[in-house]
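Some notes on the structure that comes next.
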Amino acid sequence: MGFSVKLENGTSKMFAIYGKVLTRYPCTAIIICFLLNGLLGVNIQWITFDSDLESVYTPTNSQAVQDRNQVESLFSDFTATNYHQQSMASLGPFGEVIIKHFENGNVLNRSYQLEIKRVVNFVYDFTVNETANSRYQYETVCARRSGKCVIDGDFLLETAFWDRFENGFINETMLKANKFTSVIGSPLFGNGTLKSAVAFKLRFNLRQDSSHFKELSEKWEKHFLEIMRNIELNDSEIAYQVSDSLNTELNANTGGDVRYFSLTFTLMITYASFATAGGNCVSQRGHLGRAGVISAGLAILGSFGLMAALHIEFVNIVGVMPFLIIGIGLDDMFIMMSGLADADPTAAIEAKIAHVMKTSGTSITITSLTNVIAFFVGITSVFKSVRNFCMFTATAVGLCYFNQITFFLGCMVLHEKRVSQNRHCLTCAPLAYPEGEQTKSYLKQCCCTGSPSTTRDEQESMLEKIPRLLMPRLLLNPLAKVITVLGYVTYIVCSVWGIKNLQQGLVLQNLVSESSYYFKFSHFDFEYYPTQFPISFVIPVPLDYNSRAVTSGIDFLLENAAKDVDVEDADQLNWLNSYKHSSVFANTSEKAFVNGLKLFLNESQLFRNDVVFNHDKIVATRFHILTKSIKESSKQGNIMMRMREIAHSSDIHCFAYSPAFIFFEQYVIVLPSTIQTVGIAVAAVFVVACIIMPKPFLILCVSISLASIIAGVLGFMYFWDLSLSSITMIHVIMSVGFSVDYSAHICHAFLTSEGPDKNARVGKALDLTAGPVFNSAASSIVGIVMLIFSESYVFISFFRVMLLVILFGFFHGMFLLPVVLSLIGPNKPMSTNRRVIYQSKEGNAICNPAYLPDN
């Protein structure tokens, strides 16, 4: 006897023994399940949340985060006295407004100067409560320079700008030199001068130089949003945002869409009841269907409670976990109910439950174990969103498996005891057998009589019968096999094409709904304004800047950066070069150099934030460049890496940093992180398959099927306008576990089935698994269908990827693998020379043609 047969027999025997033991103590198993999940669920009241976009959706402790910490330790915050955006270590607190003509008309006329003044006056005039007896206005919390509040775009308030515009004195060079392009949206030029524009943007910068002012700025931002919602302009529309807008809108969207779970839970109970509603008033199994849904619901409760007890924070993407767990729970439920239907109806209850666990225990263990492993591997991700989601979900899958073999199996035992005593499915009252009630009315016979089922057909619903009867006839003929293979080739070609064109990165505006004020602002900002950002080359160590070697190294560094195709070569902020051309420049000694530099910086506010002194030593400095407009996330990640490479290869000890790098990190990390995480998960699943299903050919089938489904998911993400990001990375990890489910069911059934040839064995395997797999896929789709109405990118992307996983998994498990196994699957001798016979309702013996030999 081969090792695989011994292992299969050993595990099947172990599960059968467990089934026999539980048959004797069903109520104990149910109580233990309720107590475990209930006691864990009590902790849910202490659950904590993390909604910070940076900490959740960007890599933990990335290079950019480390560089920012170093910048903050080297340079002071000057938002209270000398604000310059290029000197900011973070994006900072602010409020922004875009004013645009309703019909994209020209806003460059003096009537808009009045609209702009009106908006600015609103901002200056509104007050915010600091305490019960203290109020403050914008001037209290505004970022300042030369004693004045810094408002990007305040030149629009000045008559001088409008005079120069009307006289044709503003050309493209002047517009760029004065950074007007960040204020005037989509400018058009004629004869070399500015003629029209479609929008204006104002930015009200705020202080963050102390925790007190950070708190005041945060309150001011909230009040700013309330004020902007109520402003109405003539012939114009207004869009606005604050620094925390994306965080708050993302959480509002995902939090609001969690309400769909209650509807989904109702739909799942309805579907499960309908899908298991075969039989009569005695043998009817609808209660078991509902028990399966409750079992999954208890697992969700227990998972949330356990994570709360372990202080694992809830992140908004965890909101999709319940939709996933309900589908996994029903998958196991349908497999176990198929095992019950396949049991000998005349056998004792203990023998029936033993048969259920013998035939289904290994199958649901494989799928649950692979799911748990896939999600546990995800805990190693550099993204907090992925880590926390995987911890919540792995725990829920484990509890769901435990609940199925305790609570649900206990309910199955009670169901069989009720049936054996011929009791009504609703009232549990003893009923007369139909044979003795022939004289009664038809209605009374239907509602008040019944008997235990004597065949599988009698107890199964149509949703369970049709797939297992149809699939063997549909697949096991030459034409169907050819069509399946051709369909798979087409699938692979489309998948490869999609993977080649799949984009990386997360477009932030996609995280919120189109009805959000942030979506409107980000759409205007993306369409009408360049996406430029300053990059600083920070020198964090003391150097002698009077040395020719040092100055030459810095010049070479900045020259290399300026040569980059995405850098504005004319836009450099180089204090060293400006100092050299000043009247106070001195280079007779290092001390004279430093003293002259201090005089220079007292006169030049622009560079004052960029040099740090310690007595007569320069201990840290920075130089700034400005990028061209870069809107593609992949290019944003690439320029970050190129600037770091330039800094690393320089003779000067320095590093490249920009606040935007915090978010660009995901664009370069998400692909290798996904490959690594998914690769480890696939390897772990492969090892599990080798242990539990040690048949080389079947392991190969499951592995290739797994790789094929993941490739399909990645490829078709491109066709559905999804990119590879920290959010969709979770879905790809999820697909590892789900991809195994359907394939493992059919392969395990084929491994244990007997028949005269491969066609017959595949037919028997489909007879066992087609119904459960079909209902599992259908119930999973029902479980996510409500997300069609979601406005959150997190939920919409989950729906799309989950639907791909379900459809592709079903195609591989119910179409491709049966065809492959029927053609080149391993042989297995029959233990007895018999044909597969079924008993029809009329009592006639019939033979399923799918089980006949190939000849």
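The values are calculated or read from the model by the stated rules, or taken from the named source; none is laboratory data. The structure presented is a predicted model; accordingly, all values stated were derived computationally and were not measured. For neighbour counting, all protein chains shown are included, and Cβ atoms are generated from backbone atoms with ideal geometry for every residue, glycine included. Each accessible area value is taken on the protein alone, full model and side chains, heavy atoms only, with ligands, DNA and RNA left out. Shrake-Rupley method; radii C 1.70, N 1.55, O 1.52, S 1.80 Å.
Which residues, taken from the range 237-256, are at pLDDT below 85 and either over 18 Å from the mean Cα position of the chain (by Cα) or open to solvent by 10 Å² or more (accessible area, probe 1.4 Å) (or both)?
Of everything in the range 237-256, those that are at pLDDT below 85 and either over 18 Å from the mean Cα position of the chain (by Cα) or open to solvent by 10 Å² or more (accessible area, probe 1.4 Å) (or both) turn out to be Asn247, Thr248, Glu249, Asn251, Ala252, Asn253, Gly255, Gly256.
Just to be sure, is Ser776 crowded, with 24+ Cβ neighbours inside 10 Å, under 30 Å from Asp342 (Cβ atoms), of a type in the set (S, T, N, Q) and at pLDDT below 85?
So Ser776 fits the description; yes.
Would you check which residues across the range 201-241 are in a helix (DSSP H, G or I) and of a type in the set (Phe, Trp, Tyr) and list them?
Passing the criteria: Phe213, Trp220, Phe224.
Assess whether Gln45 counts as being without any contact (Cβ under 8 Å) to a residue 40 or more places away in the chain, assigned to a helix (DSSP H, G or I) and open to solvent by 70 Å² or more (accessible area, probe 1.4 Å).
no
Count, please, the residues in the range 169-203 that happen to be farther than 17 Å from Ser629 by Cβ and open to solvent by less than 30 Å² (accessible area, probe 1.4 Å).
The number of residues fulfilling the criteria is 8.
Quick one: how many residues across the range 55-69 are crowded, with 16+ Cβ neighbours inside 10 Å and not hydrophobic (A, V, I, L, M, F, W, C)?
Count: 7.
Which condition number does Arg423 fail, the rest of (1) open to solvent by less than 20 Å² (accessible area, probe 1.4 Å); (2) modelled with pLDDT under 85; (3) not acidic (Asp, Glu) being met?
(1)
Residues being of a type outside the set (Ser, Thr, Tyr), in contact with a helix residue (DSSP H, G or I) (Cβ under 8 Å, 6 or more places away or on another chain) and more than 27 Å from Lys100 (Cβ to Cβ): count how many of those fall in the range 142-158.
1
So how many residues does the range 97-136 have that are assigned to a loop (DSSP other than H, G, I, E, B) and open to solvent by less than 70 Å² (accessible area, probe 1.4 Å)?
So the answer is 7.
Only one of these conditions is not met by Val713: (1) β-branched (Val, Ile, Thr); (2) modelled with pLDDT of 85 or more; (3) open to solvent by 20 Å² or more (accessible area, probe 1.4 Å). Which number is it?
(3)
A quick yes/no check of all residues on (1) touching a strand residue (DSSP E or B) at 6+ places or on another chain (Cβ under 7 Å); (2) farther than 30 Å from Leu671 by Cβ; (3) assigned to a helix (DSSP H, G or I); (4) at pLDDT below 85:
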site	(1), (2), (3), (4)
Phe389	no, no, yes, no
Ala396	no, no, yes, no
Cys400	no, yes, yes, no
Lys440	no, yes, no, yes
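What are the pairs, 6+ residues apart or on separate chains, where a residue within the range 615-643 that is under 16 Å from Ile662 (Cβ atoms) and at pLDDT 95 or above has its Cβ under 6 Å from a residue that is of a type in the set (Gly, Ala, Ser) and surrounded by 16 or more Cβ atoms within 10 Å (Cβ to Cβ)?
Met643/Ala656
Need the failing condition index for Ile535 against (1) under 23 Å from Leu53 (Cα atoms); (2) of a type outside the set (D, E, K, R); (3) assigned to a loop (DSSP other than H, G, I, E, B); (4) over 28 Å from the mean Cα position of the chain (by Cα), just the number.
It fails just one condition, (3).
Identify, from the list His648, His653, the residue that is over 30 Å from Phe738 (Cβ atoms), open to solvent by 40 Å² or more (accessible area, probe 1.4 Å) and free of Cβ contacts under 8 Å to residues at least 24 places away in the same chain.
Checking each option against the conditions leaves just His648.
For the condition closer than 30 Å to Ser790 by Cα, β-branched (Val, Ile, Thr), assigned to a helix (DSSP H, G or I) and touching a residue at least 40 places away in the same chain (Cβ under 8 Å), what is the one hit in Ile492, Ile499?
Ile499
Looking at the structure I just gave you, is Phe537 closer than 30 Å to Ala252 by Cβ, at pLDDT 90 or above and touching a Phe, Trp or Tyr at 6+ places or on another chain (Cβ under 8 Å)?
no
Give me the residue from the range 449-489 that is in contact (Cβ under 8 Å) with a residue 40 or more places away in the chain and among the polar types (S, T, N, Q) and, out of that set, surrounded by the most Cβ atoms within 10 Å (Cβ to Cβ).
Among those residues, the one meeting the criterion is Gln459.
Restricting the search to the range 348-372, which residues are modelled with pLDDT of 90 or more and either in contact with a Gly (Cβ under 6 Å, 6 or more places away or on another chain) or in a loop (DSSP other than H, G, I, E, B) (or both)?
Once the filter is applied, which keeps residues that are modelled with pLDDT of 90 or more and either in contact with a Gly (Cβ under 6 Å, 6 or more places away or on another chain) or in a loop (DSSP other than H, G, I, E, B) (or both), the range 348-372 yields Ala348, Ile353, Ala354, Val356, Met357.
So the check is Cβ under 6 Å with 6+ separation or different chains; which pairs have a first residue in the range 806-834 that's over 28 Å from Leu714 (Cβ atoms) and hydroxyl-bearing (Ser, Thr, Tyr) and a second one that's assigned to a helix (DSSP H, G or I) and modelled with pLDDT of 85 or more?
Close Cβ pairs (under 6 Å, with a partner that is assigned to a helix (DSSP H, G or I) and modelled with pLDDT of 85 or more) amount to Ser822/Val762.
Could you tell me whether any residue of the range 374-383 is open to solvent by 10 Å² or more (accessible area, probe 1.4 Å) and assigned to a helix (DSSP H, G or I)?
Within the range 374-383, one or more residues are open to solvent by 10 Å² or more (accessible area, probe 1.4 Å) and assigned to a helix (DSSP H, G or I).
Just give me the residues in the range 716-727 being within 18 Å of Val496 (Cα to Cα) and either crowded, with 24+ Cβ neighbours inside 10 Å or in contact (Cβ under 8 Å) with a residue 12 or more places away in the chain (or both), in sequence order.
Phe716, Met717, Tyr718, Phe719, Trp720, Leu722, Ser723, Leu724
Give the residues of the range 70-83 that are within 17 Å of Ser243 (Cβ to Cβ) and open to solvent by less than 20 Å² (accessible area, probe 1.4 Å), sorted by residue number.
Those that are within 17 Å of Ser243 (Cβ to Cβ) and open to solvent by less than 20 Å² (accessible area, probe 1.4 Å): Thr79, Tyr83.
Condition check: at pLDDT below 90, farther than 29 Å from Asn178 by Cα and surrounded by 19 or more Cβ atoms within 10 Å (Cβ to Cβ). Does Ser516 satisfy that?
Yes; evaluated as a whole, the condition is true for this residue.
Mind checking which residues of the range 330-347 are assigned to a helix (DSSP H, G or I) and either open to solvent by less than 10 Å² (accessible area, probe 1.4 Å) or of a type in the set (Gly, Ala, Ser) (or both)?
Scanning the range 330-347 gives Leu330, Asp331, Asp332, Met333, Phe334, Met336, Met337, Ser338, Gly339, Leu340, Ala341.
Does the range 316-329 include one or more residues that are within 17 Å of Asp767 (Cα to Cα) and either polar (S, T, N, Q) or open to solvent by 10 Å² or more (accessible area, probe 1.4 Å) (or both)?
no
Looking for whichever is in a helix (DSSP H, G or I), within 12 Å of Trp575 (Cα to Cα) and over 50 Å from the mean Cα position of the chain (by Cα) here; the options are Phe593, Phe600, Phe607. Which one fits?
Testing whether each residue is in a helix (DSSP H, G or I), within 12 Å of Trp575 (Cα to Cα) and over 50 Å from the mean Cα position of the chain (by Cα) leaves just Phe600.
Hey, among Ile669, Ile704, Ile675, which residue is over 19 Å from Ile364 (Cβ atoms) and either surrounded by 18 or more Cβ atoms within 10 Å (Cβ to Cβ) or among the aromatic types (Phe, Trp, Tyr) (or both)?
Result: Ile669 is the single residue among Ile669, Ile704, Ile675 that is over 19 Å from Ile364 (Cβ atoms) and either surrounded by 18 or more Cβ atoms within 10 Å (Cβ to Cβ) or among the aromatic types (Phe, Trp, Tyr) (or both).
Tally time: how many residues in the range 67-93 are in contact with a helix residue (DSSP H, G or I) (Cβ under 6 Å, 6 or more places away or on another chain) and of a type in the set (A, V, I, L, M)?
Residues that pass the stated criteria total 1.
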